[in-house]
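For reference, the structure discussed in these notes is given below.
The values are calculated or read from the model by the stated rules, or taken from the named source; none is laboratory data. No experiment lies behind these values; they were computed from the predicted model shown. Cβ atoms come from the backbone with ideal geometry, glycine included; neighbour counts cover every protein chain shown. Surface areas here come from the heavy atoms of the whole protein model, side chains and all, with no ligands, DNA or RNA. Shrake-Rupley method; radii C 1.70, N 1.55, O 1.52, S 1.80 Å.
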Amino acid sequence: MKQFIRKNQKWFGYVLYAVIITAGLLYLRFPSGPVKDYLETRGERSNSPFSVSIGQVSPSLPFGLKLQETRVSQRAKPNKIIFRADRVSIKPTIGSLLLGKLNLCFEGLAYDGVLKGCANFTEKRLQAPFSTSVVLKDIRMGKYDLPSLIGRHVDGSLEGSITYIGKNNLLMEGRGEADLRLLDGRVELLQPILSLDSIDFNQVSIKMALQNRKINLTQVALEGPNMRGTLSGIISLQKEMGKSRLDLRGTIEPFSDFFESLPGTRDTVKLFQRRLKRGTLSFTIRGTLSEPSIQFT
């Protein structure tokens, strides 16, 4: 083998030179505009309830694409941004193409954090059924436009993992799981509690599963400087997210200094203390995402 390479090293040099020149020309002459239009058009032709806009497309060597200023919005309400990324690099796995499938691995910068993962399609087309796994790190939720989607503001640093299996035109019909942690932030309440309109937290741990158009919140645990809390239950998804139905139950366990920080009057604080059972306060959440109703039990 070594002797063969020595005898033909001149030809190997020619091939390497050709590859380098081709890659350089591809990078310099890359048709950014047509590729961008093609990707956006393919998204528009799909039956997905979401639309995609891309600021710029450039090659990412070897055999990849770099997308800048990518936006995903609701097709019916283009001004509502579901997701945005400053930069996403996408590269196919060559081995999967040889097997008649499509495997795309990606890494992106979004909301000052990083997301990376892979999407495995059953065929060589983006409309095919797929499975994906995503890892999130240092996603700044304060930069995510949650108020326009659910009417609540959330701050904190998000990390964790998400897995999903389904079709891009029937996302709610798929199934998946998420294991997330939200660190050092603040969440606005569905409605004020004793004049409190938000709760500060050190960590919120979230475990949930999607199946049969329902999100099962198996575990939500909040640890804060003044209290801890839990939440679990079902969110029945609707095509319009704001109309998704809520059936949730939770508890609040205030710490000793919680009452000292309350802005309410002494009578209000005493009423709250009397409703505590063994140091915890239970509640239910009904209604919809856009119009939730909380009731203490």
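Suppose the filter is farther than 19 Å from Gln203 by Cα, out of contact with any helix residue (DSSP H, G or I) (no Cβ under 8 Å at 6 or more places or on another chain), in a helix (DSSP H, G or I) and at pLDDT below 90; does Ser148 pass it? Yes: the conditions hold for Ser148. If I filter region 71-92 down to residues being more than 23 Å from Lys239 (Cα to Cα) and in contact (Cβ under 8 Å) with a residue 24 or more places away in the chain, which single residue comes out as most open to solvent (accessible area, probe 1.4 Å)? Applying the filter and picking the extreme gives Lys91. Selection of region 194-210 for residues being more than 17 Å from the chain's Cα centre (by Cα) and in contact (Cβ under 8 Å) with a residue 12 or more places away in the chain yields Leu194, Ser195, Leu196, Ser198, Ile199, Asp200, Phe201, Asn202, Gln203.
Among the residues making up region 37-83, those that are under 26 Å from Ile139 (Cα atoms), of a type in the set (D, E, K, R) and either modelled with pLDDT of 75 or more or touching a strand residue (DSSP E or B) at 6+ places or on another chain (Cβ under 9 Å) (or both) are Glu40, Lys66, Glu69, Arg71, Arg75, Lys80. Would you check if there is a residue in region 198-211 being of a type in the set (A, V, I, L, M), at pLDDT below 90 and open to solvent by 40 Å² or more (accessible area, probe 1.4 Å)? There is no residue in region 198-211 that is of a type in the set (A, V, I, L, M), at pLDDT below 90 and open to solvent by 40 Å² or more (accessible area, probe 1.4 Å). Under the condition of being of a type in the set (Gly, Ala, Ser) and open to solvent by less than 20 Å² (accessible area, probe 1.4 Å), the residues counted in region 54-70 number 2. Looking only at residues in region 184-197 that are open to solvent by 30 Å² or more (accessible area, probe 1.4 Å) and not aliphatic (A, V, I, L, M), the one that is modelled with the highest pLDDT is Asp184.
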